[in-house]
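Read through the structure below, which is laid out as structure tokens, and then see the notes.
The values are calculated or read from the model by the stated rules, or taken from the named source; none is laboratory data. Quick caveat: nothing in here was measured; it's all calculated off a predicted structure. Here the Cβ positions follow ideal geometry from the backbone for every residue, glycine too, while neighbour counts run over all protein chains shown.
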Amino acid sequence: MAEPLVPLGEIVTTHGLNGWLKLNAFNPSTNALSPGVEVFLEHGGRRSAHRLEASSQHKKQFLIKLGDINSIDDAARYIGSTLAVGEAALEALEPNQYYHYQIIGFEVFHLNGDRVGTILSTMSTPAGEIYVVQGPDKEHLIPAAREIIEQVDFDARKIIVNPPDGLLDL
């Protein structure tokens, strides 16, 4: 069975004439972009494997150089692609920690037992991570704060939350 791939960001443009790409990282503090790691570019149902030659953080983005992309014309073909790595390229986490991609699709329940919805995605904000939860009638933005997240159950694929009064009414 193939190793699961983890999306790290989206290629938004080229940089320079020698095949560098600009990556909008989903997690700007990722450490998975080390030289030598195998990365995958996915676009329009097609996937291609590449070796990461170099990367550097540039403002809130990354500049990356892939070994087999050496011109602006080659690089331009990958604009709009999602860059992913194998799960093994990610840093091991401490107990009770998880990567946000691992909880996409989890059901969210209020501490009182009411179903809130399903996690669609996460967002990074200056104030912290936010879970985007699709409820039966609307979308909820729930901060991923210890004061709100009571329990994450990977076996049951559910999260129990204790939101402050009014948060789910926004």
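Looking at the stretch 16-40, which of the residues that are crowded, with 19+ Cβ neighbours inside 10 Å and more than 20 Å from Gln102 (Cα to Cα) is farthest from the chain's Cα centre (by Cα)? Ranking the candidates gives Gly19 first. Mind listing just one residue for me: the one in the stretch 114-170 that is basic (Lys, Arg), surrounded by fewer than 13 Cβ atoms within 10 Å (Cβ to Cβ) and modelled with pLDDT of 95 or more and, of those, farthest from Ile103 (Cα to Cα)? The extreme case among them is Lys138. Taken together, the criteria place Tyr99 among residues that are closer than 18 Å to Ile130 by Cα, among the aromatic types (Phe, Trp, Tyr) and in contact with a Leu (Cβ under 9 Å, 6 or more places away or on another chain).
Go over the candidates Asn24, Asn70 one by one and state the one that is more than 17 Å from Ala89 (Cβ to Cβ), outside any loop (DSSP other than H, G, I, E, B) and either in contact with a helix residue (DSSP H, G or I) (Cβ under 8 Å, 6 or more places away or on another chain) or free of Cβ contacts under 8 Å to residues at least 60 places away in the same chain (or both). If you could, list the steps in order and put the result at the bottom.
Values: Asn70 fails: outside any loop (DSSP other than H, G, I, E, B).
Unique residue meeting the criteria: Asn24.
Condition check ((1) among the charged types (D, E, K, R); (2) part of a strand (DSSP E or B); (3) assigned by TED's automatic domain parsing to the domain that holds His50) across all residues:
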residue	(1), (2), (3)
Lys65	yes, yes, yes
Ala75	no, no, yes
Gly113	no, no, no
Ser121	no, yes, no
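Any residue in the stretch 128-144 that is β-branched (Val, Ile, Thr) and touching a helix residue (DSSP H, G or I) at 6+ places or on another chain (Cβ under 8 Å)? Break it down into steps so the answer makes sense when it comes.
In the first step, residues of the stretch 128-144 are kept if they are β-branched (Val, Ile, Thr); the result is 130, 132-133, 142.
From what is left, the residues that are touching a helix residue (DSSP H, G or I) at 6+ places or on another chain (Cβ under 8 Å) are 142.
Within the stretch 128-144, one or more residues are β-branched (Val, Ile, Thr) and touching a helix residue (DSSP H, G or I) at 6+ places or on another chain (Cβ under 8 Å).
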